[in-house]
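Peer 1: Shown below is the structure under consideration.
The values are calculated or read from the model by the stated rules, or taken from the named source; none is laboratory data. Since the model is a prediction, treat every value here as computed from it, not as a measurement. A quick note on method: Cβ atoms are made from the backbone with ideal geometry, for glycine too, and the neighbour counts reach across all protein chains shown.
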Amino acid sequence: MKELLKQYNGIKIEIKELEIRIRKIQDKKMRVEYDSVKGSNIYFPYEEKTFNIEGYNFEESDKKGERLVKLNKLLCRRKASCEELKVHIEEFISEIPDSLTRRVFQYRYIDDLGWQAIAMRLGRVHDSYPRRDIHDKYLEGFND
């Protein structure tokens, strides 16, 4: 459980990053491609000319669309997995019976506070009190 708790803030960051990536994928649309080709007049004196062309590359767009759909599904599965872990950690913290211990875990993992800041919130001076006396003692009963 301790290793899972350590991942909490990383999971929150990963969820935000995945949401941004998913949004970017959903915003990608088929775009117009531009190019130029050389040709000649259809009438004599057949001078060489450059023609600008534009259009959609449907074949490439279809392949790209399939890749984007697959990538979107993959990212959505990863996001769902991260959200499940996040909820699991929050449930673990919510189910701690002792209010003081629950607050220490909330400050440490959900609020991402350091041990010194947690000690100050608890009205203690030394940071080892919340870490050793509350946090570590509670986790001794859990084996990962």
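Peer 1: Among the residues of region 1-47, which ones are closer than 17 Å to residue 68 by Cβ and aliphatic (A, V, I, L, M)?
Peer 2: Of everything in region 1-47, those that are closer than 17 Å to residue 68 by Cβ and aliphatic (A, V, I, L, M) turn out to be 18, 20, 22, 25, 30.
Peer 1: Residue under question is residue 104, and the condition is that it be free of Cβ contacts under 8 Å to residues at least 40 places away in the same chain, assigned by TED's automatic domain parsing to the domain that holds residue 2, among the hydrophobic types (A, V, I, L, M, F, W, C) and not in a loop (DSSP other than H, G, I, E, B); does it hold? Quick ask: steps written out before the conclusion?
Peer 2: On the way: free of Cβ contacts under 8 Å to residues at least 40 places away in the same chain: yes; assigned by TED's automatic domain parsing to the domain that holds residue 2: no; among the hydrophobic types (A, V, I, L, M, F, W, C): yes; not in a loop (DSSP other than H, G, I, E, B): yes.
Answer is no for this residue.
Quick grid of which residues meet (1) acidic (Asp, Glu); (2) more than 23 Å from residue 17 (Cβ to Cβ); (3) touching an Asp or Glu at 6+ places or on another chain (Cβ under 8 Å):
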{"residue": "68", "(1), (2), (3)": "no, no, no"}
{"residue": "81", "(1), (2), (3)": "no, no, no"}
{"residue": "110", "(1), (2), (3)": "no, no, yes"}
{"residue": "128", "(1), (2), (3)": "no, yes, no"}
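Peer 1: Loosely packed, with under 14 Cβ neighbours inside 10 Å and within 30 Å of residue 1 (Cβ to Cβ): does that describe residue 87?
Peer 2: Considered against the rule, which asks whether it is loosely packed, with under 14 Cβ neighbours inside 10 Å and within 30 Å of residue 1 (Cβ to Cβ), residue 87 comes out as yes.
Peer 1: Another question, if that's okay. Name the residues in region 111-137 that are crowded, with 17+ Cβ neighbours inside 10 Å and either more than 32 Å from the chain's Cα centre (by Cα) or within 18 Å of residue 5 (Cα to Cα) (or both), would you?
Peer 2: Once the filter is applied, which keeps residues that are crowded, with 17+ Cβ neighbours inside 10 Å and either more than 32 Å from the chain's Cα centre (by Cα) or within 18 Å of residue 5 (Cα to Cα) (or both), region 111-137 yields 113, 115, 118, 129, 130, 131, 134, 135.
Peer 1: May I ask you to verify whether residue 125 is among the β-branched types (Val, Ile, Thr) and modelled with pLDDT of 90 or more?
Peer 2: Details: among the β-branched types (Val, Ile, Thr): yes; modelled with pLDDT of 90 or more: no.
So residue 125 does not fit the description; no.
Peer 1: Residue check: is residue 125 assigned to a loop (DSSP other than H, G, I, E, B), among the β-branched types (Val, Ile, Thr) and free of Cβ contacts under 8 Å to residues at least 24 places away in the same chain?
Peer 2: yes
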